[in-house]
Every structure is written in structure tokens, then in C-alpha cells.
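Novice: Here it is, the structure, as C-alpha cells.
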Amino acid sequence: MNPEFWQAKWRANEIGFHQNEIHPLLSAHWPANALANARVLVPLCGKSHDLVWLQERGFSVVGFELSEIAVAALFAENALSPQVTILEYFKCYATAGITIYCGDFFSATLDLCGTFDAIYDRAALIALEPAQRDVYLAAVRRLCPVGTRGLLITVEYPEGLVLPPPFSLTSTEVAKRYGEWCKVTLLAQRESDVKGKSALEKAYDFVVES
């Protein structure tokens, strides 16, 4: 999926991937006690309510989102008035506890945003074509040092069931992509709806080890 694909989705308000409630796997499995006051990275965040949920629990939330429409909606819908600055290739929106970098996450650098204690990926990796996964994970690894803890949420469905995105991601693929540099644990799985079809949604805990 190229950037224009997602920009067009937001312009047309074709955002079936957006959820109007807190993701149940986040509220059930986010390791809050182990991550008190953590700085949390949320790539490809859209206008997710999960960002505010994390911020309300004392986390410093930093999201990356390509669409300025999504970023503006996030703050407007939550009655927040961000300060806006230009940093490198990004437009940065910041309020107390929530900062969003509007731009291409693949271009994120340590100089731009520093490192993170935790990462929450609900619909980032599964939004990307398989050929883009290595580039995405390279950006994650730049920003997440040893000890960073993450919650990864994926979907899995038979090939050809629906037209992606979201892309199906098996446990084998998760182990392949994360296993060399993280300790990965499957926390839960549940039946889920993807474009009107039955799929399996999975939540993984991972800790960066190298």
C-alpha cells in the first residue's frame, strides 16, 4: 500500500479500519503495572481512541500517522488543542501526554523522537504489504532499544477470504519477523470480523532482547 492509498481512504472517509471503541485486547492485555509512566510508541495510529485510553492511564503516548485528516480528527473529537510545529519531515501535534508526528513513519529517527519504553501495534503491521514489513520493523528497531515491551495485535484468515488490507499474519510469520530480536508470547486469540468475514484476532506480548 503506497501513501496515496491511505490518504485517499481518509479523504473519502473510507475508514472501516477505525474502531469507535477501545480495543478489547488492549484493555485486557496491556501490561500497565510493568510499564508505569512508560513512553509508548503507536505507529500508524490513525485517530484511534486507544491513544487517549493510554494517555488517561499515565502513559506518554507518541503516535505516527500519515494522514493530516486523521490527526486533526483525533484532537478535535477529543476536544484537545495541540501545539503544532514542523520537525524534520513531520508536522508535530502535541498536547499533554499525546504527541502525534504527521508524516511517513519509515522516516522516523532517534534525533526526531528519541527512544521508547513500549510499543502498541494494533493495525500497523497488518496494514502493510509483506514487502513493506522489513522496512517497518527496521523503523521500530531504530526506536525501541533492548527492554522495550510491546503489544502486537494481528488478524489471521484463509488466503483469498477478503481483499487486504488488513493482511493476514500467521503465528509462524510473527515468530519469523520478531523471534530473532524479541521474546514473543501469544497472549490470547478470539474470533473477529474482517470485512464481514470471520477471522482470528491474536494478541502477542514481545520484549526486545537484541
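The values are calculated or read from the model by the stated rules, or taken from the named source; none is laboratory data. Treat the numbers as computed from the prediction; the structure is a model and nothing was measured. As a convention, Cβ positions derive from the backbone with ideal geometry for all residues, glycine included, and neighbour counts pool all protein chains shown.
Novice: May I ask you to verify whether Val61 is of a type in the set (Val, Ile, Thr), surrounded by 16 or more Cβ atoms within 10 Å (Cβ to Cβ) and in contact with an Asp or Glu (Cβ under 6 Å, 6 or more places away or on another chain)?
Specialist: For Val61, the condition - of a type in the set (Val, Ile, Thr), surrounded by 16 or more Cβ atoms within 10 Å (Cβ to Cβ) and in contact with an Asp or Glu (Cβ under 6 Å, 6 or more places away or on another chain) - is not met.
Novice: Being modelled with pLDDT of 95 or more, in contact with a helix residue (DSSP H, G or I) (Cβ under 6 Å, 6 or more places away or on another chain) and assigned to a strand (DSSP E or B): is that true of Thr185 here?
Specialist: For Thr185, the condition - modelled with pLDDT of 95 or more, in contact with a helix residue (DSSP H, G or I) (Cβ under 6 Å, 6 or more places away or on another chain) and assigned to a strand (DSSP E or B) - is not met.
Novice: Which of the residues that make up region 53-68 are free of Cβ contacts under 8 Å to residues at least 60 places away in the same chain and in a helix (DSSP H, G or I)?
Specialist: Of everything in region 53-68, those that are free of Cβ contacts under 8 Å to residues at least 60 places away in the same chain and in a helix (DSSP H, G or I) turn out to be Trp53, Gln55, Glu56, Glu68.
Novice: Quick one: is Thr172 loosely packed, with under 13 Cβ neighbours inside 10 Å and of a type in the set (Ser, Thr, Tyr)?
Specialist: yes
Novice: List every residue pair whose Cβ atoms lie under 8 Å apart, where the two residues are 6 or more positions apart in sequence or sit on different chains, the first residue falls within region 178-191 and is surrounded by 12 or more Cβ atoms within 10 Å (Cβ to Cβ), and the second residue, located anywhere, is basic (Lys, Arg) and not in a strand (DSSP E or B).
Specialist: Trp181/Arg141
Novice: Sticking with this one: crowded, with 22+ Cβ neighbours inside 10 Å and either in contact (Cβ under 8 Å) with a residue 60 or more places away in the chain or under 29 Å from Tyr204 (Cβ atoms) (or both): is that true of Leu125 in this structure?
Specialist: Taking the combined requirement at face value, the residue satisfies it.
Novice: Follow-up. Could you figure out which of (1) in contact (Cβ under 8 Å) with a residue 60 or more places away in the chain; (2) over 24 Å from Leu137 (Cβ atoms); (3) surrounded by 12 or more Cβ atoms within 10 Å (Cβ to Cβ); (4) not charged (D, E, K, R) isn't true of Thr95?
Specialist: Of the numbered conditions (1) in contact (Cβ under 8 Å) with a residue 60 or more places away in the chain; (2) over 24 Å from Leu137 (Cβ atoms); (3) surrounded by 12 or more Cβ atoms within 10 Å (Cβ to Cβ); (4) not charged (D, E, K, R), the odd one out for Thr95 is (1).
Novice: I'd like the full set of residues that are surrounded by 12 or more Cβ atoms within 10 Å (Cβ to Cβ) and over 19 Å from the mean Cα position of the chain (by Cα), limited to region 192-204.
Specialist: Across region 192-204, the qualifying residues are Lys195, Ala199.
Novice: Another question, if that's okay. Confirm whether Val194 is of a type in the set (A, V, I, L, M, F, W, C) and either modelled with pLDDT of 95 or more or touching a His at 6+ places or on another chain (Cβ under 8 Å) (or both).
Specialist: Taking the combined requirement at face value, the residue does not satisfy it.
Novice: Mind checking which residues of region 152-210 are closer than 18 Å to Ala131 by Cα and aromatic (Phe, Trp, Tyr)?
Specialist: Phe167, Tyr178 - these are the residues of region 152-210 that are closer than 18 Å to Ala131 by Cα and aromatic (Phe, Trp, Tyr).
Novice: Turning to a different aspect of this structure: Collect the residues in region 1-52 that are of a type in the set (Gly, Ala, Ser), in contact (Cβ under 8 Å) with a residue 40 or more places away in the chain and assigned to a loop (DSSP other than H, G, I, E, B), keeping them in residue-number order.
Specialist: Gly16, Ala38, Gly46, Ser48 - these are the residues of region 1-52 that are of a type in the set (Gly, Ala, Ser), in contact (Cβ under 8 Å) with a residue 40 or more places away in the chain and assigned to a loop (DSSP other than H, G, I, E, B).
Novice: Can we say Thr148 is hydroxyl-bearing (Ser, Thr, Tyr) and within 22 Å of Lys195 (Cα to Cα)?
Specialist: So Thr148 fails the test.
Novice: Next question. Is one or more of the residues making up region 103-113 aromatic (Phe, Trp, Tyr), over 15 Å from Trp6 (Cβ atoms) and surrounded by 14 or more Cβ atoms within 10 Å (Cβ to Cβ)?
Specialist: Looking for residues that are aromatic (Phe, Trp, Tyr), over 15 Å from Trp6 (Cβ atoms) and surrounded by 14 or more Cβ atoms within 10 Å (Cβ to Cβ), one finds none in region 103-113, hence no.
Novice: Still on this structure, I have one more. From Glu88, Glu56, Glu65, which residue is touching a helix residue (DSSP H, G or I) at 6+ places or on another chain (Cβ under 6 Å) and under 18 Å from His23 (Cβ atoms)?
Specialist: Glu65
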